[in-house]
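To keep things clear, I will list the structure first and then write my remarks on it.
The values are calculated or read from the model by the stated rules, or taken from the named source; none is laboratory data. Note that the structure is a prediction, hence the values are computed from the model and not measured. Cβ placement follows ideal geometry from the backbone for every residue including glycine, while neighbour counts extend to all protein chains displayed. Surface areas here come from the heavy atoms of the whole protein model, side chains and all, with no ligands, DNA or RNA. Shrake-Rupley method; radii C 1.70, N 1.55, O 1.52, S 1.80 Å.
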Amino acid sequence: MDVGYHSYETESTQTAGKVITCKAAVAWGPGQPLVIEDVQVAPPQKMEVRVKVLFTSICHTDLSSWKGENEAQRAYPRILGHEAAGIVESVGEGVEDMKIGDHVIPFFQGECGTCICCRSQKTNLCQKFGVNPLKSVMVNDGKTRFSTMDGNPIFHFLNTSTFSQYTVLDSACVVKIDTKAPLEKMSLLSCGVSTGVGAAWNVANVQPGSSVAIFGLGAVGLAVAEGARVRGASKIIGVDINPSKFFKGKAVGITEFINPKDLDVPVHEKIGAITEGGVDYSFECVGNLEVLREAFLSTHTGWGLTVLLGIHPSPMLLPLHPMELFNGRQIVGSIFGGFKGKTQLPKLAEQCMCGTLNLDEFITHELPFHNINEAFQLLIEGKSLRCLLHL
């Protein structure tokens, strides 16, 4: 490890302050296959970090953005990707918490540490570097750090843009982790696993012996199950129309499975019947209003809590009548699992290293970076949770 560290430190010294030419997967239009091509990556400016990406994976948010489902968020050409792990190649002026050679995780929900939200223990939002799907340039100068070989700008994505061998991030959107942590697994903490586990731990605060229902058993939903299992939930119900997800669910603690296609009654009625009136916590991980309503009604009157994690297209309104909240059920949204990236992700990485969380179940496929379009197809077909790409 030490030999590789010092070798990379020497290599980075040679590239620091210079434009780097590397391979990236560039999106040129909605739904068009990503193009692996040479791009130029400028040096980091003040409070920015340039990272050599070693591993990246694909999330449904990448898939949605690649399809261009929300026209207002379209910006091309663009480098997508927001789950990754890598090594610091160089840092800009003012960066003191990272140096060349550090192992790092990028994250889309930044933490500047100084705004009113960052100073509050009640939220993980950040006024300056919070996630903004409309944002496609750097904060410093409103320009990109990526460009084509003929000098035209290539836009950024979710503060991260990890589908590139090198990327530039605001220092508020990347954090140093223990060099002993396996980087190939740590990429999952950039989004999916943190989002799900954190929803169970930080947002719902799942209690021992409680009951949980999870709607949608993709990577985020299964991460919720893992988080609920660690917290000691006694009943964890998984709801999905894809029966192949059930086998994987058992490995992360799901105790019962419901396929809505197999029922002749609404899902919430089935859950109510097997839980003495409803679960303590439900988690909507699909991004579908009908599913959200079922999740809400699946919780127990008086105290049931529904956590919204699915990304819903705009414009959509909650499928609830205000008076339904008088029955004691609550609903709350969650972004990045309530984690503050700079201050809490290193601890989460340590918990993964010591075996508190099991990340192995989430990586179902591994491919070289140039096969990224194949990885997208695996996700589209529901065959993968996370396909880890080696850069």
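Taking the condition of a type in the set (D, E, K, R) and open to solvent by less than 60 Å² (accessible area, probe 1.4 Å), does LYS383 pass? Against the criterion (of a type in the set (D, E, K, R) and open to solvent by less than 60 Å² (accessible area, probe 1.4 Å)), LYS383 does not qualify. Of the candidates THR356, THR301, the single residue that is modelled with pLDDT under 95, out of contact with any His (no Cβ under 7 Å at 6 or more places or on another chain), at negative phi and not aromatic (Phe, Trp, Tyr) is THR356. When you check GLN45 against the structure, is it in a loop (DSSP other than H, G, I, E, B) and either in contact (Cβ under 8 Å) with a residue 60 or more places away in the chain or among the aliphatic types (A, V, I, L, M) (or both), yes or no? Criteria met by GLN45. Look at segment 12-31: where a residue is within 15 Å of ASP62 (Cβ to Cβ) and a partner is modelled with pLDDT of 95 or more and in a helix (DSSP H, G or I), sitting 6+ places away or on another chain with Cβ atoms under 6 Å, you get ALA25/ILE372. Can you confirm whether LEU134 is closer than 17 Å to LYS340 by Cβ, touching a residue at least 60 places away in the same chain (Cβ under 8 Å) and within 18 Å of the chain's Cα centre (by Cα)? It is false that LEU134 is closer than 17 Å to LYS340 by Cβ, touching a residue at least 60 places away in the same chain (Cβ under 8 Å) and within 18 Å of the chain's Cα centre (by Cα). Exactly one residue among THR148, THR123, THR114 is touching a strand residue (DSSP E or B) at 6+ places or on another chain (Cβ under 7 Å), of a type in the set (Ser, Thr, Tyr) and either open to solvent by 20 Å² or more (accessible area, probe 1.4 Å) or in contact (Cβ under 8 Å) with a residue 40 or more places away in the chain (or both), and that residue is THR148. Quick check: anything in segment 125-138 among the aromatic types (Phe, Trp, Tyr), out of contact with any helix residue (DSSP H, G or I) (no Cβ under 6 Å at 6 or more places or on another chain) and either at pLDDT 95 or above or outside any loop (DSSP other than H, G, I, E, B) (or both)? Among the residues of segment 125-138, not one is among the aromatic types (Phe, Trp, Tyr), out of contact with any helix residue (DSSP H, G or I) (no Cβ under 6 Å at 6 or more places or on another chain) and either at pLDDT 95 or above or outside any loop (DSSP other than H, G, I, E, B) (or both), which makes the answer no.
Being without any contact (Cβ under 8 Å) to a residue 60 or more places away in the chain, in contact with a helix residue (DSSP H, G or I) (Cβ under 6 Å, 6 or more places away or on another chain) and of a type outside the set (Lys, Arg) is the requirement here; does ILE241 meet it? Yes.
Segment 197-307 holds helices (runs of 4 or more DSSP H) entirely within its bounds, and those carrying 3 or more residues that are open to solvent by less than 30 Å² (accessible area, probe 1.4 Å) and within 25 Å of GLU381 (Cβ to Cβ) map to 219-230. In segment 159-178, the condition of being over 21 Å from MET47 (Cα atoms) and open to solvent by 20 Å² or more (accessible area, probe 1.4 Å) is met by at least one residue.
Among the residues in segment 314-332, are any in a helix (DSSP H, G or I), of a type in the set (Asp, Glu), out of contact with any Leu (no Cβ under 7 Å at 6 or more places or on another chain) and open to solvent by 60 Å² or more (accessible area, probe 1.4 Å)? Checked against the condition, which is being in a helix (DSSP H, G or I), of a type in the set (Asp, Glu), out of contact with any Leu (no Cβ under 7 Å at 6 or more places or on another chain) and open to solvent by 60 Å² or more (accessible area, probe 1.4 Å), segment 314-332 yields no hits at all.
Residues in segment 346-354: is at least one touching a strand residue (DSSP E or B) at 6+ places or on another chain (Cβ under 9 Å) and touching a residue at least 40 places away in the same chain (Cβ under 8 Å)? The answer is yes; a qualifying residue exists.
Scanning segment 49-79 for residues that are part of a helix (DSSP H, G or I), open to solvent by 40 Å² or more (accessible area, probe 1.4 Å) and hydrophobic (A, V, I, L, M, F, W, C) yields a total of 1. Inclusion of ALA72 among residues that are touching a residue at least 60 places away in the same chain (Cβ under 8 Å) and in contact with a helix residue (DSSP H, G or I) (Cβ under 6 Å, 6 or more places away or on another chain) is not warranted. If you check GLY337, GLY310 for being touching a strand residue (DSSP E or B) at 6+ places or on another chain (Cβ under 9 Å), in contact (Cβ under 8 Å) with a residue 40 or more places away in the chain, buried (at least 17 other Cβ atoms within 10 Å of the Cβ) and within 28 Å of LYS383 (Cβ to Cβ), only one passes: GLY310. Scanning segment 160-178 for residues that are within 15 Å of GLU111 (Cβ to Cβ) and either of a type in the set (Ser, Thr, Tyr) or modelled with pLDDT under 95 (or both) gives THR160, SER171. Applying the criterion of being of a type outside the set (A, V, I, L, M, F, W, C) and at negative phi to the residues of segment 213-233, the residue that is modelled with the lowest pLDDT is GLY218.
Tell me, which residue of segment 1-33 that is part of a helix (DSSP H, G or I) and surrounded by 12 or more Cβ atoms within 10 Å (Cβ to Cβ) is modelled with the lowest pLDDT? Give the steps one after another, and end with the answer.
Kept after step one, since they are part of a helix (DSSP H, G or I), are these residues of segment 1-33: 2-15.
From what is left, the residues that are surrounded by 12 or more Cβ atoms within 10 Å (Cβ to Cβ) are 5, 8-9, 11-13, 15.
On the way: TYR5: 47, TYR8: 60, GLU9: 62, GLU11: 68, SER12: 69, THR13: 70, THR15: 90.
Per the stated criteria, the residue is TYR5.
No other residue among VAL203, VAL193 is farther than 18 Å from GLY278 by Cα, more than 15 Å from the chain's Cα centre (by Cα) and at pLDDT 95 or above apart from VAL203.
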